[in-house]
1. Filter the stretch 542-564 down to the residues that are among the charged types (D, E, K, R) and outside any loop (DSSP other than H, G, I, E, B) and list them by number.
2. Out of the residues in the stretch 152-181 meeting the condition of being β-branched (Val, Ile, Thr) and out of contact with any Leu (no Cβ under 7 Å at 6 or more places or on another chain), tell me which one is farthest from residue 91 (Cα to Cα).
3. Hey, could you check the stretch 428-465 for residues that are among the aliphatic types (A, V, I, L, M) and in contact with a Lys or Arg (Cβ under 9 Å, 6 or more places away or on another chain) and say which is nearest to residue 188 (Cα to Cα)?
4. Conditions: (1) more than 27 Å from residue 142 (Cβ to Cβ); (2) assigned to a strand (DSSP E or B). Residue 602 meets all but one. Number of the miss?
5. Just give me the residues in the stretch 565-577 being in contact with a Phe, Trp or Tyr (Cβ under 7 Å, 6 or more places away or on another chain) and not in a loop (DSSP other than H, G, I, E, B), in sequence order.
6. In the stretch 530-541, which residues are open to solvent by 10 Å² or more (accessible area, probe 1.4 Å) and either within 14 Å of residue 478 (Cβ to Cβ) or not in a strand (DSSP E or B) (or both)?
7. Between a first residue in the stretch 232-247 that is free of Cβ contacts under 8 Å to residues at least 40 places away in the same chain and a second residue that is open to solvent by 20 Å² or more (accessible area, probe 1.4 Å) and small (Gly, Ala, Ser), which pairs have beta carbons less than 8 Å apart while being 6 or more apart in sequence or on different chains?
8. What are the residues in the stretch 493-513 that are crowded, with 18+ Cβ neighbours inside 10 Å, within 32 Å of the chain's Cα centre (by Cα) and either under 24 Å from residue 528 (Cα atoms) or of a type in the set (A, V, I, L, M) (or both), if any?
Amino acid sequence: MGTVRHTTWWLCAFLLVGGANRVQAQVRADTTKKKPSVDTLRKDTVTIAVPVPTPVSARADSLALARVQTRIDSAARARLADTLRPPMAQFESPRALDVSNRLHFTREQILSSGAINLADLLDHVPGVTTFRSGWLAGIHAASMHGDFARVRIFIDGVEMDAPEARNGGALDLDDVPLWTLDDLVIERAAGEVRVWLRSWTVRSITPYTRADIFTGDLNTNAFRALFARRYRNGMIFQVGAQQLATQSGQVSAFSTSGTRRSAGDGNQQVINLRLGWSRRRFSLDLYGTSTARDRDPQTARKGFVGLPAFKGTRRDAYVRVGYGDTLRGFWSHAILGVVRTRLDGIRDTAIKADSGKTLATADTIGSLTQQIVAVGYRASRYEWSVTDRARPTRGTWFHAPALRLGYEIAGVNVGAFVEHRGIDSTTGIDLFARAAPRSWLVLTAAQSNRAPSSTTERPSFSTTRAEGAVHVAGLWFGGGVVREGATVFNSPSLFAAPSLQLSANAATGVLGSIRGPLYKAVSLDLQAIKWNGSQYGRPQLHVRTELSMVSNWLSKFPKGQFGINARLIYEQRDPVPFYFGVDSKGAQDVRFTQASQVLIGMLQIRIQRASIFYQYRNLTGGDYEQVPGLTMPPAVQMYGVRWEFAN
């Protein structure tokens with residue numbers, strides 16, 4: 001009985017377990033049940049490389065986008081660096097030791113200044129007087145304290161000489177095309193002004209193109225185009241051309257009747273070219289500019305001397321080998337420069353006075369070469385350079401060695417420029433000093449000495465200038481004094497004056513200036529000088545005031561797509577005496593220009609890389625002159641467009 005019960009219990013247990021297993025085998029699997037989670041993040045980052053991880057949240061998404069943008073920016077910087085080639089050699093520019101840096105002009109500042117030639121920029125310099133015989137085709141020149149030879153122009157270290165006999169050693173500033181420049185520095189020594197020009201150059205292999213078109217009164221029409229390209233092997237190619245013409249009177253497309261051929265109008269063609277190569281700190285280039293001018297005769301007022309017609313060319317060129325950067329470290333240059341001028345077509349260019357006396361003679365061909373070797377070193381606090389210019393003339397070599405030194409310590413800058421000009425046997429020493437003991441105070445001093453050789457029979461003289469400026473209510477108020485000893489210089493024969501040596505007595509001048517912002521983007525720049533008397537080639541009082549508004553309006557255009565540049569310029573000058581020799585009665589023939597007050601308005605609006613500009617010169621329309629007897633145009637408007645772009 002016990003055995004039967006025990007067997008029955010085991011049988012029931014066996015059937016119960018077997019039935020449960022069978023029921024479990026017949027139940028369908030739950031396909032909606034989630035599988036165990038897998039660590040996909042660690043798996044992706046360890047074994048799978050993907051450029052952008054799958055964002056799992058807003059924060060992760062922003063981080064991923066930031067990483068992508070970083071990669072894009074890095075690639076863009078790499079491409080940009082790859083498109084830039086080493087720069088071409090640049091001749092040294094002096095440090096600014098003036099009260100302010102207002103006499104340094106970048107390429108953008110040159111183009112936006114509204115200057116039509118170098119004379120407009122030299123108007124910014126107190127003590128420099130510019131002279132114009134007419135509009136764009138006229139003669140333009142400048143004097144320093146009355147001496148035209150004391151305004152010297154250098155292009156990439158090569159001095160621009162004036163070999164034409166008719167010019168008497170003075171350079172016609174119309175032969176200096178501003179649109180070919182990259183940088184301009186006016187070094188204002190006490191005794192002379194040196195203008196250091198750097199020609200335009202590019203570094204990017206992306207082609208650059210610029211076109212200027214402008215027109216205006218006096219039938220002014222001009223077109224200008226530039227193209228530049230650097231190549232991956234370091235080569236450079238630049239070319240530019242300009243065609244300009246003016247003509248007074250009524251001009252018809254079918255007839256020349258109504259035109260006046262006695263107002264000094266004419267046309268001008270300029271071609272500019274650069275070929276070169278650079279690698280690391282070494283460069284080699286060829287640079288040249290050819291200017292052809294055709295100017296009508298200009299009739300003067302009754303009793304004065306007019307200007308004859310002119311047709312000729314001027315060609316400036318150089319070959320340069322350069323090493324290093326003149327902005328830092330050691331540098332050296334070797335340059336061979338040449339200038340050639342030619343008078344074409346017009347043979348009778350002798351200027352006759354009322355008495356029948358010849359005042360200036362014609363010239364046919366003039367040429368001059370320069371061979372320049374320069375070495376120097378520039379650090380953050382000091383600089384030095386040594387330059388030698390050799391000019392072979394009629395079988396004789398005339399050397400002009402020069403030494404430049406500069407040093408800065410504790411906010412005080414001192415400098416010196418020493419040169420012996422073999423071509424006129426004169427040794428010049430220019431000393432500079434600038435100190436800013438307080439943030440609101442600047443003091444400057446300059447001393448120049450000129451010592452001609454005893455064989456020239458010309459006297460030595462010195463010039464001293466001291467200036468200071470204080471910062472009050474946002475403006476810089478400046479003043480100073482300049483003292484110059486008795487000296488001699490040549491008359492400006494390019495304005496039909498006889499080629500004579502003039503004597504000038506010792507003189508003292510008082511300087512005054514106000515500059516700075518008046519309200520937001522509106523600024524004032526006033527410069528004035530008054531001498532104790534008038535003298536040949538300079539007025540007794542000369543005042544220039546410029547009111548400007550220059551702004552990119554970044555509050556409305558944060559990316560800089562827009563810019564406005566508006567200027568109002570007022571110039572006042574007293575009569576200027578010119579010496580024309582001796583009249584028929586044996587008395588000295590001294591003629592004065594008329595006192596003048598000229599107002600000029602300029603406006604330029606930039607949208608992206610295109611600029612529209614407008615000028616109105618002599619807003620009042622009154623008659624005025626800057627050369628005795630030669631009346632300037634009463635009022636001239638000029639307007640046009642400038643567009644630059646990368647191809």
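The values are calculated or read from the model by the stated rules, or taken from the named source; none is laboratory data. Bear in mind that the values here come from a model prediction, so they are computed numbers and not experimental data. Cβ atoms come from the backbone with ideal geometry, glycine included; neighbour counts cover every protein chain shown. Heavy atoms of the whole protein, side chains included, go into the accessibility calculation; ligands, DNA and RNA do not. Shrake-Rupley method; radii C 1.70, N 1.55, O 1.52, S 1.80 Å.
1. Taking the stretch 542-564 as the starting set, the residues that turn out to be among the charged types (D, E, K, R) are 544, 546, 556, 559.
Within the stretch 542-564, 544, 546 meet the criteria.
2. 180
3. 446
4. That leaves (1) as the condition not met.
5. 577
6. If the condition is that a residue be open to solvent by 10 Å² or more (accessible area, probe 1.4 Å) and either within 14 Å of residue 478 (Cβ to Cβ) or not in a strand (DSSP E or B) (or both), then 532, 533, 534, 536, 540 are the ones that fit.
7. From the stretch 232-247, the pairs are 241/225.
8. 494, 496, 497, 509, 511, 513
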